[in-house]
Amino acid sequence: MASLPHLLLQPEKPHDITIMLCELITNNTHNNNIALYKCYNANKVFYRKTAFSQWGNKVIENEKKGYDWFYKDSETLTEIRLKKKYFYELDIPEFRGRRFSSESIISGNEETIEMIIDFYKGRWSSNDIFAIHGDLALCNFVIDKNNIKLVDWEHFHYSDKKFFGYDIINMLFILIYHESKRTFSLNKRKLDFIKKCYIQLIEGVGNSNKILEKPFQNSKDYLMKYADRFLVNTNIYKKFVLSGCSLSVLEHFDSIVTK
Amino acid sequence: MLAPQHNYTNLSSAVGLGLIGFNEKDIVVDYGCIFFDSFVYASRLCKKVVGVIPSSERRNTLQKRLVEEDVKNCDLVNANYNEQHFNEVFDCVIINCFLEQLLFEIKHDKSNFFDGKIRSKKMDNSLDETGIGFLQTVYKGLRPGGKIYLSYANKLRINILFKLSMLEVMSFVLSYNLRKYLGFVSFIKNIYLLSSYLLSQKGLEKLLKSNGFVDIEKYAVFPDHKYPLKIIPLSKLDECSFEPVQYISREGSLRRISAGVKRRVDRLIFKNFKLFGLSPSFIITARKAS
């Protein structure tokens, strides 16, 4: 047993100590080894993602790549900072605008959903390198009039442009899941709206596309085939509702939107 | 120099320490080393961690874990060191399970975390003295501006009150000379102090302030301080949105129903009525006045 005097080093010149008031929003969701804090620093509020393992570091570094891709040539990018300490930290500004619940449904959000599809078509087509967000959902958007911000890029990865549409189909499926209260049974009006969204999405898309012929089945196939690209550290069926859905349900929605 | 990176375990249970914001130059002391993940986490982000660990059995277990994790920037000392060796060198003090450790001090009637000389002067064996003695030791060990991190379970308030009350009753019954050793007034006083410190958040705040700590922040912790999933600063309740944490429900409909009921009760207590004094656990951070 060592005695304490020998253990302690000579006091150094005191370094800066920063204590920030933080709220822990989530911790280790789907075993991602990452915590999300909301930090209050003087009058500034921002979000901080902190890793708690080397896996978490990998995911945070990947998320930064997603922000770099999405906010390329935007001033916003300068406010998103990655600190590579032993455990990585990613600081993200608090975007002002309308936010959405993680259990958002179709009803009441129709205009926003159409706006997002338009935005996706423009934004994703204009980038030289095609990429997949990986977890596109209404809750990851912050919308201020026509200014759309997108967060949570943990599952970001580069992909082939022939998989254009995956993110939107995934978002629509999450909305169906919550709207139907997990029964996948929707009334005609909602089904018509989903079809309308699909038509809006496929307009102008080339024949080489590998998603939109059977959008829900093909999206699931993409997810399962390239699961490792999504950097999921848990059973993928627990993370993405699309992956756990039966073929018959996917066929049902495919037939409705494509007929 | 920070430790090299390898594939180590997930230290998410140490998420509360994220509130501290460690610096790589920090020298940290962990009193009790109650949560091994916290100890390892601090070692990863700080220059050095000193663990004060009273139980030899726990010390051996922790040492094994440290070898497994290849943690080298740490030292473990037993609890019977002399407090005069503290020379304001620590940048941060971690005390997990603060109340349990306070109980340990009183129950064993011996100095684990502070000098026996101080205790011998204090003939009144009250929680007040113990609490002050404990925090005085912490205070002396910190450099000006240094941070303190306390975590404790709220449910223990009742347990500790009961256990300490029993101790007091036993002392009262067994003592040969009641007038000299422990008067009835002292007994009442101790019960009052227990209520003050353990049943009231203000009591702990007062205790910290009277020991020279400033910038005291209190946090409500859900579902517990061993593995926090949600931490809410009590000074920012208006800006925080409380959603009940997902209780882990294993197989079985009864367990699922129980988890669902818990969520609904939590929503009612914390979201609707904002009764955060009933939170399952708390974290307190403070700073030694510069």
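Table: residues versus (1) basic (Lys, Arg); (2) part of a strand (DSSP E or B); (3) farther than 29 Å from B:GLN136 by Cα.
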site: B:TYR227; (1), (2), (3): no, no, no
site: B:ILE232; (1), (2), (3): no, yes, no
site: B:SER235; (1), (2), (3): no, no, no
site: B:PHE242; (1), (2), (3): no, no, yes
site: B:VAL245; (1), (2), (3): no, no, yes
site: B:LEU254; (1), (2), (3): no, no, yes
site: B:VAL265; (1), (2), (3): no, no, yes
site: B:GLY277; (1), (2), (3): no, no, no
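Candidates B:GLU239, B:GLU205, B:GLU217: the one that is at pLDDT 90 or above and either closer than 26 Å to B:GLY145 by Cβ or surrounded by fewer than 22 Cβ atoms within 10 Å (Cβ to Cβ) (or both) is B:GLU217. Contact annotation: residue pairs with Cβ atoms under 6 Å, 6 or more positions apart or on different chains, pairing a residue in segment A:168-182 that is hydroxyl-bearing (Ser, Thr, Tyr) with a partner that is surrounded by fewer than 24 Cβ atoms within 10 Å (Cβ to Cβ), are A:TYR177/A:VAL241; A:SER180/A:LEU186.
Within segment B:245-260, not a single residue is touching a strand residue (DSSP E or B) at 6+ places or on another chain (Cβ under 8 Å), open to solvent by less than 80 Å² (accessible area, probe 1.4 Å) and at pLDDT 85 or above. The criterion of at least 1 residues that are in contact with a Ser or Thr (Cβ under 8 Å, 6 or more places away or on another chain) and not hydrophobic (A, V, I, L, M, F, W, C) is met, among strands (runs of 3 or more DSSP E) falling completely within segment B:6-82, by B:27-31. Residue-level analysis places A:MET115 among those that are open to solvent by 20 Å² or more (accessible area, probe 1.4 Å), at pLDDT 95 or above and either touching a Phe, Trp or Tyr at 6+ places or on another chain (Cβ under 8 Å) or not β-branched (Val, Ile, Thr) (or both). Please work out which residue is most open to solvent (accessible area, probe 1.4 Å), limiting yourself to segment A:25-48 and to residues that are over 22 Å from B:ALA220 (Cβ atoms) and touching a helix residue (DSSP H, G or I) at 6+ places or on another chain (Cβ under 8 Å). Within segment A:25-48, the match that is most open to solvent (accessible area, probe 1.4 Å) is A:HIS30.
Screening B:ARG44 against (1) closer than 30 Å to A:TYR40 by Cα; (2) modelled with pLDDT under 90 leaves a single unmet condition, (2). Mind listing just one residue for me: the one in segment A:49-88 that is hydroxyl-bearing (Ser, Thr, Tyr) and open to solvent by less than 40 Å² (accessible area, probe 1.4 Å) and, of those, farthest from the other protein chains (Cβ to nearest Cβ)? Among those that are hydroxyl-bearing (Ser, Thr, Tyr) and open to solvent by less than 40 Å² (accessible area, probe 1.4 Å), it is A:TYR71. Taken residue by residue, segment A:206-228 has at least one member that is of a type in the set (Asp, Glu) and within 22 Å of the chain's Cα centre (by Cα).
The values are calculated or read from the model by the stated rules, or taken from the named source; none is laboratory data. These numbers come from a predicted model, not from an experiment. Note that we place each Cβ from the backbone using ideal geometry, even for glycine, and neighbour counts take in every protein chain shown. Quick note on the areas: whole protein, heavy atoms, side chains included, nothing else; ligands and nucleic acids left out. Shrake-Rupley method; radii C 1.70, N 1.55, O 1.52, S 1.80 Å.
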